[in-house]
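The values are calculated or read from the model by the stated rules, or taken from the named source; none is laboratory data. Fair warning: this is a prediction, and the values are worked out from it, not measured in the lab. Cβ placement follows ideal geometry from the backbone for every residue including glycine, while neighbour counts extend to all protein chains displayed. Note: areas computed on protein heavy atoms with side chains; ligands, DNA, RNA excluded. Shrake-Rupley method; radii C 1.70, N 1.55, O 1.52, S 1.80 Å.
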Amino acid sequence: MARQFDIPVFYKSSVISRVKTARHMQDPRKRDLLPTVLDFGAVRFILARHFGFCFGVENAVEIAYKTLEAHAEQRVFFLSEMIHNPNVNWDLQERGVRFIFTSSGAQLVPWDELTPADIVVVPAFGTTLEIQETLAERGIDPYTYNTTCPFVEKVWKRSAQLGESGYTVVVHGKATHEETRATFSHSIRSAPTVVVLDVKEARILAEVIQGTLGTEAFMTHFAHTCSAGFDPAQHLVRIGVVNQTTMLASETWEIAQMLQQAMVERYGAAQLPSHFADTSDTLCYATNENQNATYALIQHGADIGLVVGGYNSSNTSHIVELCEAAMPTYFIRNADEIASSQNINHFKLHTRQMATTASWLPAKRPLDIALTCGASCPDAIVEGVLFRVLSFFAATRSLEDVLQPYPELQRGA
Ligand code: SF4
């Protein structure tokens with residue numbers, strides 16, 4: 001049975017819990033990716049089969065709140081946002097938590113302010129070895145309150161194994177993201193490492209592997225995202241690909257295929273195992289499930305999409321990218337962004353700015369709204385969005401009626 005975490009009740013939603021529990025009981029092996037339709041009559045919410053807190057986030061939330069409860073007399077710092085969700089981070093800050101770094105790595109609390117009596121919590125993304133060493137030097141154990149997700153640690157372990165076997169590590173990720181900075185820091189201790197952002201960058205790397213581009217081209221693109229002393233002539237002969245766990249899994253796969261093909265062309269298919277390591281076992285299950293559920297949601301179809309989550313959340317951004325290619329999609333952090341049935345405030349991924357869209361709610365009836373969120377978004381926030389939108393429709397079916405196919409579990413059942 002999957003581990004149950006102790007999550008604060010204000011992050012839970014009775015509506016979403018009923019749906020998720022019923023779907024889980026019907027399909028414990030998670031084979032059915034079809035979305036759930038909550039049919040209120042005038043509006044139908046199409047909920048993705050998988051969304052919301054993943055294992056790593058639940059683990060981090062549980063440790064964070066237990067730490068605060070157990071150490072009310074001590075100062076509690078988080079290295080950075082614990083997860084990329086504003087509501088969770090605001091709540092932690094209201095309880096006295098201070099973040100040492102911003103998400104982009106700017107230091108907010110100088111190291112000199114910290115004393116051995118302070119508690120420092122490592123976020124779910126993990127942290128760099130350099131920061132762990134700095135904490136240890138200041139008398140703070142960096143491992144006692146460590147919420148690093150085991151799936152991130154798995155990537156680090158695999159990177160170390162690759163390095164020990166003489167492979168270079170190619171990280172598919174955003175070089176400035178906390179998790180990729182942490183993975184890079186761990187990886188370079190045992191392997192030459194280079195970070196590639198996307199397929200476009202991977203194509204350049206593939207050309208360097210094939211020999212059609214040289215060291216100069218490599219350095220033009222990767223000087224700031226490769227390990228010190230990286231020599232493409234020497235370090236792109238044996239490689240393995242790992243990823244920032246929240247990247248699009250399909251893109252990681254495409255990048256791995258492209259680099260594998262470059263190795264085949266350079267060294268021949270028979271020599272491939274000596275030049276390319278199979279690392280498909282490092283992909284995060286939750287990212288896979290959420291992205292696959294998003295594809296199924298899109299296939300089902302809807303008139304508009306609402307994706308809920310932090311605007312700096314990588315995994316949520318990828319869900320938005322998938323949805324907006326298929327339907328008008330609004331990326332909102334919570335129900336407060338829905339100003340009215342006329343206006344919605346939302347985050348535009350491509351400009352990375354907020355926008356307000358008028359007449360966002362189509363007049364069509366029944367209206368189908370795809371609703372999902374990222375792995376760091378509490379169910380309560382999604383429920384808030386659902387109720388806010390529902391309030392714009394008159395004479396809808398009752399909630400109990402709509403939830404009737406998803407019976408509440410009796411205590412002890
Ligand atoms: S998305 Fe995956 S790797 Fe990231 S915290 Fe969740 S379970 Fe862990």
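Numbers for the structure displayed
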read-out: Computed magnitude of the charge dipole of the range 55-137 (debye, nearest 20; Cβ of K, R +1, Cβ of D, E -1); value: 140
read-out: Percentage relative contact order, the range 277-413, counting C-alpha pairs under 8 Å, at least six apart; value: 25
read-out: Under 5 Å, built H, 5+ apart or other chain: amide partners of Leu367; value: Val43, Arg44
read-out: Student exercise, the chain dipole from Lys, Arg, Asp, Glu Cβ charges, in Debye to nearest 20; value: 820
read-out: Candidates Thr294, Thr245, Thr351: whichever shows maximal mean-square fluctuation once the chain is modelled as a Gaussian network with Cα springs under 10 Å; value: Thr351
read-out: Phe51 - accessible surface, heavy atoms, 1.4 Å probe, Å² rounded to 10; value: 20
read-out: Other-chain or far-sequence residues with amide H under 5 Å of Ala277's (modelled H); value: Ile239, Gly240, Val241
read-out: The chain - Cys residues lacking any other Cys C-beta under 4.7 Å; value: Cys54, Cys149, Cys226, Cys284, Cys323
read-out: J(HN,Hα) series, the range 333-349, from Karplus relation 6.51 cos²θ - 1.76 cosθ + 1.60, nearest Hz, glycine and proline x; value: 8, 6, 5, 4, 6, 8, 5, 6, 6, 9, 10, 10, 9, 8, 9, 9, 4
read-out: Area projected by the alpha carbon convex hull of the chain, averaged over all directions, nm²; value: 22.2
read-out: Loop sites in the range 157-212: GluC sites (Glu not before Pro), DSSP, at most 16 other Cβ within 10 Å; value: none
read-out: Per-residue ³J(HN,Hα) for the range 272-283, Karplus 6.51 cos²θ - 1.76 cosθ + 1.60, θ = phi - 60°, Hz, x for Gly and Pro; value: 3, x, 7, 10, 9, 8, 7, 10, 4, 6, 9, 5
read-out: Cut-off under 5 Å, modelled amide H: who pairs with Arg75 long-range; value: Ile119
read-out: Surface accessible to a 1.4 Å probe, Leu114 within the full protein complex, Å²; value: 10
read-out: Trypsin sites (Lys or Arg not before Pro) restricted to DSSP loop in the range 335-364 with at most 16 other C-beta within 10 Å; value: Arg352, Lys364
read-out: Rounded to whole Hz, the Karplus (6.51, -1.76, 1.60) HN-Hα couplings of the range 109-126, x for glycine and proline; value: 10, x, 4, 4, 6, 8, 10, x, 7, 7, 10, 10, 9, 8, x, 4, 6, x
read-out: Cross-link reach list, lysines versus Lys66, counting only Cα pairs under 29 Å and skipping chain neighbours closer than eight places; value: Lys12, Lys20, Lys154, Lys157
read-out: Between the range 120-193 and the range 291-369, the Cα center-to-center distance that results, in Å; value: 33
read-out: Filtered trypsin sites (Lys or Arg not before Pro), the range 44-151: DSSP coil and at most 16 other beta carbons within 10 Å; value: Arg75, Arg95, Arg138
read-out: For the range 315-413, average projected area of the Cα convex hull in nm²; value: 8.1
read-out: Stokes-Einstein diffusion coefficient of the range 55-137, Kirkwood radius over Cα pairs, 25 °C, 0.890 mPa s, in µm²/s; value: 188
read-out: Spatial separation of Cα centroids for the range 263-280 and the range 36-79, in angstrom; value: 41
